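Take a look at the structure set out below.
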There are 2 protein chains.
Amino acid sequence: MTPQNKKIPRMSLERLPIYYRTLCNLADDGYQRIKSAQLGKIIQIEPTTIRRDFSYFGDLGKSGYGYDIGHLIEIFGMILEVNETQGLALIGVGNLGRALLINNFRRNPNLEIITAYDADPAIIGETINDVIIQPLADLQADLSTKQIKGVISTVPSHALQLVVDYLVECGITSILSFAPEPVNVPESVHVRYLDLTTEVQNLLLLAELG
Amino acid sequence: MTPQNKKIPRMSLERLPIYYRTLCNLADDGYQRIKSAQLGKIIQIEPTTIRRDFSYFGDLGKSGYGYDIGHLIEIFGMILEVNETQGLALIGVGNLGRALLINNFRRNPNLEIITAYDADPAIIGETINDVIIQPLADLQADLSTKQIKGVISTVPSHALQLVVDYLVECGITSILSFAPEPVNVPESVHVRYLDLTTEVQNLLLLAELG
DNA sequence: TCATTTTTGTTAATCAAATCACATTTACAG
DNA sequence: CTGTAAATGTGATTTGATTAACAAAAATGA
């Protein structure tokens, strides 16, 4: 199958970062080729699922041989746009926000929080890891000078919808929210939720009943 | 359908914490009844999905009426065991671990990090939010005196498998790992992965191609 | 060079989840 | 008390993802 003929299934896209990271590790360790069965062992995914996933991005393998790791990295890297830094804005610099800012995707050179905002006047102006904390109202102006591909929000539930409305107004289209409350956004805006409490609850629940 | 007749689908269980939290909010706001259509609007889930989910836990609603919020909270609360505190151990007290410990599920009185461990001698003995940072080797002994229902690990990839092996040996059965690398554990042990980098990558990717 | 072995890519089968459609039940207004 | 409207619970269907099975392709070794 040639690429982009069909819509690529969501789950296959979700696995792409895993594939990419693992293949980079293998390349660093000096490996040059891999077969779906080996890779499957490493990342605990059925080989057949891997082969199908890969097939959405072209005819990447060779029968009786496997896949060329360098080639896969090249293709997947292109799709993931690893060569251009993906600038992110952080909104909400509490404990969690601070931790994210200090880490700042250090292990992943193509993701970088480049601006940070908070509502608390007491911390505005503070610099963490070279990023100045600004009032949220500055975001709009920043967008004209900086390439911001997405927003990470640690804003608590009660303030969230208001903030998100503003983000949408500014033209932001990708938001990762650490609050569980669903927000209303237009079709064109993508919101992803990542609530730590819910994750832990689900962990314990599935251990109990799953 | 009477409860527990059939295995409850994973996805229905995963939604339970969302239902519970939302219903508690509604109760706090003084509401006493709700229909699937209203609830669906709030949490952006199809009413029919909600009704089917609920049906796994018994005949909870009444035709032409809806659901009694108090009753739902009671049932779901029982399943989620909200009345007994679920003790957690934190392993890895770096930036992220520290943030988790400071927050310590404050909004959720039934989850609580009660012990914390790290490999760095420099921070062992330090107290954060009433929790003392200990060497990991102490975990085994702690288990005999404290009820620990699960472990949250912010241990980096390279050390993870070793740590997890120890956890399994200690009898831990639920682990939430903030590192992306899959670990090998026996069938009986549940591991949940939550890698922030992967989440952001997926966010941007799905916005682009999804 | 040729036979054997390996491994892919994909069609078909399976499985799980979401949604549709509606019979049944209950509330409630008149 | 009765008829109408509303909402549930669930078989049937659809959708989407995973897995099995295998034909075709390529590598390797004799």
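Packing, as the average of other Cβ atoms within 10 Å across residues, places the peptides B:109-116, B:57-64 in the order B:109-116, B:57-64, highest first. When chain A is turned onto chain B, its residue with the beta carbon nearest the axis, and that distance in whole angstrom, is A:Ala99, 2. Once both axes come from the Cα atoms, what is the angle between helix B:10-28 and the longest principal axis of chain B, in degrees from 0 to 90, rounded to 10? With both axes taken from Cα atoms, the answer is about 70 degrees. Among beta bridges from DSSP that stay inside segment B:33-173, the antiparallel ones total about 35%.
Inter-copy label distances for A:Arg10: 1.5 nm (label point placed 7 Å from Cα along Cα→Cβ; shortest first). Placing R0 at 56 angstrom, the Cβ-Cβ distance between B:Glu112 and A:Lys35 gives a FRET efficiency of 0.75 after rounding to 0.05.
From the P(r) of the protein assembly as shown, could you give the percentage of C-alpha pairs in the tail past 39 Å? When every Cα pair of the protein assembly as shown is considered, 24 percent fall beyond 39 Å. Cβ-Cβ distance of B:Ile43 and B:Gln147, R₀ of 30 Å, FRET efficiency by 1/(1 + (r/R0)^6): the value works out to about 0.45. How much of the accessible area of chain A, probe 1.4 Å, is carbon plus sulfur, in whole percent? It is 51 percent, rounded to a whole number. Helices in chain B, meaning DSSP H runs of at least 4 residues, each add -39500 (n - 2.57). Divided by all residues, the mean residue ellipticity at 222 nm is -13000 deg cm²/dmol.
Label-to-label distances for A:Ser55 across copies, nearest first, come out at 3.5 nm, using points 7 Å from Cα in the beta-carbon direction. Globularity index of segment B:10-79 is 0.97 (Cα radius of gyration / 2.2 N^0.38 Å, N = number of residues). Each residue was assigned an accessible area with a 1.4 Å probe, and for A:Arg33 the value is about 120 Å².
Using a 1.4 Å probe on the heavy atoms of the protein chains only, list every residue of segment A:80-99 that has 10 Å² or more less accessible area in the complete assembly than in its chain alone. Residues shielded by partner chains are A:Leu80, A:Glu81, A:Gln86, A:Leu88, A:Asn95, A:Leu96, A:Ala99. The Cα center of segment B:25-63 and the Cα center of segment B:75-121 differ in position by 29 Å. Simple spin-label model, 7 Å along Cα-to-Cβ: A:Ala159 to B:Ala122 in nm? The two pseudo-label positions are separated by 3.2 nm.
Rounded to the nearest 10 degrees, the inclination of helix A:196-209 to the longest alpha-carbon principal axis of chain A is 50 degrees.
What percentage of all Cα-Cα pairs in chain B are separated by more than 25 Å?
51 percent
For segment A:86-200, a Kirkwood radius taken over Cα pairs fed into Stokes-Einstein (4 °C, viscosity 1.567 mPa s) yields D = 91 µm²/s. B:Leu162 label point (Cα plus 7 Å toward Cβ) to equivalent points in the other copies: 4.9 nm, shortest first. Using a probe of 1.4 angstrom and keeping all protein chains present, the accessible surface of the protein assembly as shown works out to 50 square angstrom per residue.
The values are calculated or read from the model by the stated rules, or taken from the named source; none is laboratory data. Just so it is clear, the model here is predicted, and its values are computed rather than measured. Because the Cβ atoms are built from the backbone with ideal geometry, glycine has one as well, and the counts that use them run over all protein chains shown. For the accessible areas, the whole protein counts, side chains as well, though only heavy atoms, and no ligand, DNA or RNA atoms are used. Shrake-Rupley method; radii C 1.70, N 1.55, O 1.52, S 1.80 Å.
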